[in-house]
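Only one structure is covered here, and it is reproduced in the block below.
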Amino acid sequence: MITEINIIDYGCGFCGVIMSMFVVHFVFRFFALERKGNLKYFEGWFFICWLAVPIFMGFIWAQTVLAFLHEDPESSEYMREILLQNYNLTIPEIMYVGVLYHKKTADGKDILNYKGIQGVCILGTIMTIIPVFFMIVPLSIYFFSPLFHLGFQIIGDVTTFTTALYPIIDPLPVIFVIDNYRNAVFEFFGCLKAAREVNINVTSSSVVN
């Protein structure tokens, strides 16, 4: 039976799908720039296998969230005041996934939540195959900063911004490496005149004396 919690867990799985799509896209671009005929590995059954990679990684991501990062009463209690102060929301109004790294025992002792840390490590392992500056570093800081009591709101805001910006920044190297793309951009901004094709038919006649 699919519940609301299942829906948000598998919704988070799309994060894994999107990240893996970036990886597949990167491999395709690398083969294209090599110009050594390796694009044949994106044809036929190979193409089906490449399509399966994001689906598989998304499933692993969703299962990790479901097993390790689901909501619990202690996490909800921790978030209650934060949600009310920053977003004017109460816990019953939202669904969330996440991890509370430090929990309290019955006698009030502070202990590490090793289950949550395991889940974040799995997601972190998946991320190490993603380009660094706009994905790995921001998300790693976002995931691990609460472990060291550095959970500031600005970290979440910056992570959201850089993750959204990444798809825009990512194609730029290809645009400026491949001549046709680069020239098209320069022509669009008026920095380069469009090349004109001129067909000249030369008719030669021979004169026999």
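The values are calculated or read from the model by the stated rules, or taken from the named source; none is laboratory data. Everything numeric here is computed off the predicted structure, so don't read it as measured data. Virtual Cβ from ideal backbone geometry, glycine too; neighbours counted across all protein chains shown.
Filtered by the rule that a residue be out of contact with any helix residue (DSSP H, G or I) (no Cβ under 6 Å at 6 or more places or on another chain), touching a residue at least 40 places away in the same chain (Cβ under 8 Å) and of a type in the set (Phe, Trp, Tyr), the range 52-88 gives a lone residue, Phe59. Reported count of residues in the range 173-187, each being modelled with pLDDT under 70 and of a type in the set (A, V, I, L, M, F, W, C), is 5. For the range 1-22, the set of residues classified as more than 19 Å from Phe68 (Cβ to Cβ) and modelled with pLDDT of 80 or more consists of Ile18, Ser20, Met21, listed by residue number.
The lone criterion from (1) at pLDDT 80 or above; (2) touching a helix residue (DSSP H, G or I) at 6+ places or on another chain (Cβ under 7 Å); (3) within 26 Å of Thr125 (Cβ to Cβ) left unmet by Cys49 is number (2).
Answer yes if at least one residue in the range 78-92 is of a type outside the set (Val, Ile, Thr), part of a loop (DSSP other than H, G, I, E, B) and either closer than 22 Å to Thr159 by Cα or more than 21 Å from the chain's Cα centre (by Cα) (or both), and no otherwise.
Scanning the range 78-92 turns up at least one residue that is of a type outside the set (Val, Ile, Thr), part of a loop (DSSP other than H, G, I, E, B) and either closer than 22 Å to Thr159 by Cα or more than 21 Å from the chain's Cα centre (by Cα) (or both).
Picking from residues in the range 104-131 that are of a type in the set (A, V, I, L, M, F, W, C) and either at pLDDT 80 or above or surrounded by fewer than 11 Cβ atoms within 10 Å (Cβ to Cβ) (or both), the one that is farthest from Ile155 (Cα to Cα) is Ala106.
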